[in-house]
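Once you've had a glance at the structure underneath, I'll fire off some questions.
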Amino acid sequence: MKGYTVTVKPSGKSQVFPEGTLICDALLDMGIPLKTPCGGKGTCGHCRVSVTGNQPPRTPSEERILRGTPGVRLSCQVPLTGDVEIRVEERLRKKQRRVPHHGNDRPYGLAVDIGTTNVRISMVETGSGSSYHLDSFLNPQRRFGHDVISRISAASSGDVLKTMQALIRTSIFSSIADSLDALGISPERITCIAFSGNTTMLYLLLGKDVSPLGTYPYPVSAREFSSLTVRDLGETLLPETPLLILPVLSAFLGGDLIGGLALCHKNGIRKNAFFIDLGTNGELFLLDQSGLVHATSCAMGPALEGMNLSWGMTAEDGAIVHVTQGAGGLFFEIMGEIPPSGISGTGVIDLISILLEKGYIEESGVFASPADVNLPSPLSFGETDGIREIRIGNGIALTQVDVRTVQLAKGASLAASELLLKEARCSADDIEHVFIAGSFGENLNVEHFRRLGFIPEFKNASWEFLGNTSLLAAQKVCCDPRFLETATRLRDRTRELVLANHPEFQDTFIRALSFSRAPS
């Protein structure tokens, strides 16, 4: 296979990549991650770079977004066809850092949540517990698949496993290095780095074989990760810094779930509680009336995080993050108050819920006939490549396939919830506390979420959004290493419900696909 040289200006750094490598992937391998909130579909325009040299013509997406900007390309759309020189605008690499300056003596810990779709990094003052956002970016391993099973399958090759390991390490430690440099914080002030994530993501970080995690009975080779330092990851930045990694329960119940369980325990929640961490891999636990812990997981896919949708994107500038119904039609809240370039998971939940409530989408998920309904302004029916869609404006649309994708996530979530209740011999009416975790939940309209029936209604329960408990648990570990002991103890008391071969899962899942009111 031919190889072509990518040179980054003004640094002069260069590297050879195989023909067909996307420019955004080449830059990532060179330690220059760009924001790609649309997941590389070429719809958001966030990954634009200046390119000179041999290159293919612009794609239709590029023509729409980059009109009037010669020499500029969307790096996610350009495969290498020859040697190129690239200049990256500094603003595209700028991180959101909000860390106050306290002199040079305060110790800090770093907390990292490795999600299947997104990676988030924060800094924690180990004395006070105050935390500050450093960076967030799409997991660079997504090129090997958007879900856990796809990553496991890809990593069955030793060479690919090494590549995936290098991608996640490089992106995390490049971000940390850039952040410390920008903040003027000496690396010596970093006392620990805490990691949380699902089992597959943690194994890939550590370079462990993940292939058994994809084959029944899904054995794990390690459930705790102790006495490790950054040096064990092969990184030269902060080499002697301890790694504190949340324990896992099984192949599909990882440190993110155990961290959420430990946080609830620390807050005095002991029984009659239901917890769900919404993400590409949904993880749930239930505390029954006697305080026993029951847990399970389900594959929801990345739709709720804005991926695998025609115009989906993460909650970045240009994303429609909320939709509301008013007297004059629908109103859209756009992050950054700029023209919309896509729609986030929360925006999709709002939109489908409103359309469902008004009869524009049937409970089966099928769009109503254009002859039978009049869509509210500014929506209109359309069709592209034989797929029906509801057009929002600015080229953005919700397709029939998008609705089906959300249904699959909803069906998996509701089926897992119902079977977990049955396993624990509880009814939804027994539950007193419902906790929604995950970054997605921070901006979620709870009524729209409940209307779509992702989980039972839990009519007697109080509902609380906890935010990103995976990251919060990692932050807690930085301040109190004993938190790991609590997490491990609770892990050992948890009963796992495996849905992969559950005799009732398929029938329960099919029933749960409908948007009819969720049973209580």
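Just so it is clear, none of the values below were taken in a lab; they were calculated from the coordinates. Computed from a predicted model, the values in this text were never measured in an experiment. We place every Cβ from the backbone using ideal geometry, glycine too, and count neighbours over all the protein chains shown.
Report the label-to-label distance for LYS266 and LYS162 in nanometres (one decimal), using points 7 Å from each Cα along the Cα→Cβ vector.
Label-label distance for LYS266 and LYS162, simple model: 3.9 nm.
Here's a follow-up. Could you give the dipole magnitude of the chain about its Cα centre, charging the beta-carbon of Lys and Arg +1 and that of Asp and Glu -1, in debye to the nearest 20?
Approximately 620 debye in magnitude.
How far apart, in nm, are the 7 Å Cα→Cβ label points at GLU337 and ARG106?
The modelled label-to-label distance comes out at 3.0 nm.
Given TYR218, THR280, LEU204, which one lies farthest toward the positive end of the charge dipole of the chain, if we put +1 on the Cβ of every Lys and Arg and -1 on the Cβ of every Asp and Glu?
LEU204
OK, next. Could you work out the local net charge near ARG404, counting Lys and Arg as +1, Asp and Glu as -1, over the other residues with Cβ closer than 14 Å to its Cβ?
Value of the local net charge: -2.
Also, I was wondering about something else. Assigning unit charges at the beta carbon (Lys, Arg +1; Asp, Glu -1) and nothing else, what dipole magnitude in debye, to the nearest 20, does the range 108-245 show about its Cα centre?
380
Let me ask something else about it. Tally the DSSP beta bridges in the chain and give the antiparallel ones as a percent, rounded to 5.
Roughly 65 percent of the beta bridges in the chain run antiparallel, per DSSP.
Where does the chain land at 222 nm, in deg cm²/dmol rounded to the nearest 500, when only DSSP H runs of n ≥ 4 count, each adding -39500 (n - 2.57), divided by all residues?
Taken over the chain, the calculation gives -8500 deg cm²/dmol.
Would you mind checking LYS162/LYS266; LYS271/LYS410; LYS35/LYS266; LYS208/LYS422 for any pair whose Cα atoms are more than 28 angstrom apart?
LYS162/LYS266; LYS35/LYS266; LYS208/LYS422
Assuming 0.36 nm per residue, please report the length gained on full extension of the stretch ALA182 to ASP83 beyond their Cα-Cα distance.
Length gained, ALA182 through ASP83: 32.5 nm.
What is the order of TRP311, TRP463, fewest Cβ neighbours within 10 Å to most?
Ranked by crowding around the Cβ, least crowded first: TRP463, TRP311.
A follow-up question, please. Find how much the distance from ALA222 to TRP463 grows on full extension, using 0.36 nm per residue of separation minus their present alpha carbon separation; answer in nm with one decimal. Intermediate values should be presented prior to the final figure.
On the way: separation 241, 0.36 × 241 = 86.76 nm, distance 3.44 nm.
Taking ALA222 through TRP463 to full extension adds about 83.3 nm, to one decimal.
If you take every DSSP beta bridge whose two residues both sit in the range 303-404, what share of them, in percent to the nearest 5, is antiparallel?
Roughly 85 percent of the beta bridges in the range 303-404 run antiparallel, per DSSP.
So, one more: For the chain, with the dipole built from +1 on Lys and Arg beta-carbon atoms and -1 on Asp and Glu ones, taken about the Cα centre, which of THR36, SER413, ILE172 lies farthest toward the positive end?
Of the options given, the answer is ILE172.
While we're here: Where does the charge balance sit around ALA416 when Lys and Arg score +1, Asp and Glu -1, over other residues with C-beta under 14 Å from its C-beta?
Combined, the nearby Lys, Arg, Asp and Glu give -4.
Percent antiparallel among DSSP beta bridges with both residues in the range 1-90, to the nearest 5? Can you show the working numbers first?
On the way: 14 of 18 bridges.
Of the beta bridges lying entirely in the range 1-90, close to 80 percent run antiparallel.
So, counting K/R as plus one and D/E as minus one, what does the shell of residues with Cβ under 13 Å around ASN460 add up to?
Working: positive: LYS459; negative: ASP429, ASP430, GLU432, GLU457.
Once all neighbours under 13 Å are counted, the net charge is -3.
For percent of Cα pairs over 39 Å apart, several values are listed as (i) 44; (ii) 25; (iii) 56; flag the one computed from this structure.
Only one listed value fits the structure, namely (ii).
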